[in-house]
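The values are calculated or read from the model by the stated rules, or taken from the named source; none is laboratory data. What you see is a predicted model; the values in this text were computed from it and never measured. Using ideal geometry, Cβ is built from the backbone for each residue, glycine included, and neighbour counts are taken over all protein chains shown. SASA here: full protein model, heavy atoms, side chains in, ligands and nucleic acids out. Shrake-Rupley method; radii C 1.70, N 1.55, O 1.52, S 1.80 Å.
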Amino acid sequence: MYILGIETSCDETAAAVVEDGRILHSNVIASSAAEQNLYGGVVPEIASRRHIENISAVADAAMKEAGLTPQQLDAVAVTFAPGLIGAVLVGTNYAKGLAYAAAKPLVPVHHLRGHIAALYLTYPELKPPFLCLVASGGHSHIVQVESYTKFRVLGRTVDDAAGEAFDKVARTLGLGYPGGPAVSKAAVGGDIRGYTLPTPHVEGKYNVSFSGLKTAVLNVINQCAMKGEELRTADLAASFQFRITDILAEKLLLAAKDAGAKTLCVAGGVAANALLRENLTKQCKKQGITLYLPELAFCGDNAAMIAAQGYYELLAGNTAGLDLNSLPTLPIDYRE
Ligand code: KG4
Ligand code: ZN
């Protein structure tokens, strides 16, 4: 089955065609990140405007690259939640129009379920159940993926998401947006013990908290300024990156130990972090755990992952009518 995926929940306008949830035929992305960088973060209104301008051309390009007409598609899958509401509405409405015009099923896809499905594009052997860390700009979850469409959240952030913490620290350090890659770049050559940053205490065994860590970085910057000392930016970026990735890895491995899980996955924009990947690869090897990391191209927002998850939602009968609504928030374990 050929599924066209549409993704517009943040600053990427994306469309892709995937066959049977696994085989990629096209993957087109137009990002407004460079423009958003001028403002130090995503301005929702700008994101929505760029989606409106780009969505038709991006979707046409994805179908052309796959060599398919809308009539040859089996379904149109779209991120309908969660996301910036003005942004996600653009994709949802476009998908509705296309599905209606071509008389194809419309498949609503939860954005985080899509991030997890990105792994299916790379690993044909990967099948649920498995334990997955989903870390993006808006969420940090440890999820038990029970089946392709059944999820159980074991832990989550109680305040900032991991990507959000990277973005906020990058902005404070004047490193630009998106913050994750900017912090990683600034950390090169820095000493991970250059500054002592706390591991915040948090209720809930698998929960995480990053707002205290972000405040600790702010305090270092302010104290340096007050004392007239020069800030060692590389050391601070390295110390922050080490602490946050260490917390994520530790919680995921703890959840794996308790569950006796032998397969672990990571998904979402933060899965692109080289230190996190290296840390987990080493520890999983030591503990005899099989670790699946998404290809770098599929870590950040894309529509291939939406088309992949769309296939499994379609198989489960999760289609929608033209009254499908977009939602700014929705738990990953929502009931259809
Ligand atoms: O999944 P994603 O593309 O969009 C959301 O669903 O939010 O994640 C974007 C987030 C941003 O906060 C970005 O700073 C972070 O992922 N990110 C990274 C890296 N690349 C992107 N964080 C850490 N290290 C990276 N290399
Ligand atoms: Zn995302």
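Checked against (1) away from ligand 1 (no atom under 15 Å from the Cβ); (2) more than 14 Å from G114 (Cα to Cα); (3) touching a Phe, Trp or Tyr at 6+ places or on another chain (Cβ under 6 Å), N37 passes all but a single condition, namely (1). Looking at the structure I just gave you, is H115 touching a strand residue (DSSP E or B) at 6+ places or on another chain (Cβ under 6 Å) and assigned to a strand (DSSP E or B)? No: the conditions fail for H115. Condition first: under 20 Å from G268 (Cβ atoms) and touching a Leu at 6+ places or on another chain (Cβ under 7 Å). Now tell me which residues in region 94-129 satisfy that. Selection gives P108, H110, L119, Y120, L121, L126. Is it true that some residue in region 154-169 is in a strand (DSSP E or B) and open to solvent by less than 20 Å² (accessible area, probe 1.4 Å)? Yes, because at least one residue in region 154-169 is in a strand (DSSP E or B) and open to solvent by less than 20 Å² (accessible area, probe 1.4 Å).
Taken over region 288-319, the criterion of being among the β-branched types (V, I, T), outside any loop (DSSP other than H, G, I, E, B) and open to solvent by 50 Å² or more (accessible area, probe 1.4 Å) is satisfied by T290 alone.
Show me the strands (runs of 3 or more DSSP E) found entirely inside region 1-80 where at least 3 residues are surrounded by fewer than 19 Cβ atoms within 10 Å (Cβ to Cβ). Talk me through it step by step, then tell me what you get.
On the way: elements: 2-7, 12-19, 23-31.
Fully inside region 1-80 and qualifying: 23-31.
Would you say K285 is open to solvent by 10 Å² or more (accessible area, probe 1.4 Å) and free of Cβ contacts under 8 Å to residues at least 24 places away in the same chain?
Details: open to solvent by 10 Å² or more (accessible area, probe 1.4 Å): yes; free of Cβ contacts under 8 Å to residues at least 24 places away in the same chain: yes.
Spelling it out, K285 is indeed open to solvent by 10 Å² or more (accessible area, probe 1.4 Å) and free of Cβ contacts under 8 Å to residues at least 24 places away in the same chain.
Could you check, for region 186-196, whether at least one of its residues is within 16 Å of ligand 1 (Cβ to nearest atom) and open to solvent by 40 Å² or more (accessible area, probe 1.4 Å)? The answer is yes; a qualifying residue exists. Restricting attention to region 262-272, the residues being over 12 Å from V143 (Cα atoms) and either basic (K, R) or away from ligand 1 (no atom under 13 Å from the Cβ) (or both) number 2.
I'm trying to understand the selection: among the residues of region 185-218, which are of a type in the set (G, A, S) and part of a helix (DSSP H, G or I)? Reasoning before the result, please.
Pass one, region 185-218, residues of a type in the set (G, A, S): 186-187, 189-190, 194, 204, 209, 211-212, 216.
The answer is A186, A187, S211, G212, A216.
Is at least one residue of region 126-143 of a type in the set (A, V, I, L, M) and open to solvent by 30 Å² or more (accessible area, probe 1.4 Å)? No: region 126-143 contains no residue that is of a type in the set (A, V, I, L, M) and open to solvent by 30 Å² or more (accessible area, probe 1.4 Å). Restricting attention to region 98-121, and to residues there that are open to solvent by 40 Å² or more (accessible area, probe 1.4 Å) and of a type outside the set (D, E, K, R), which single residue is farthest from ligand 2 (Cβ to nearest atom)? The selected residue is A103.
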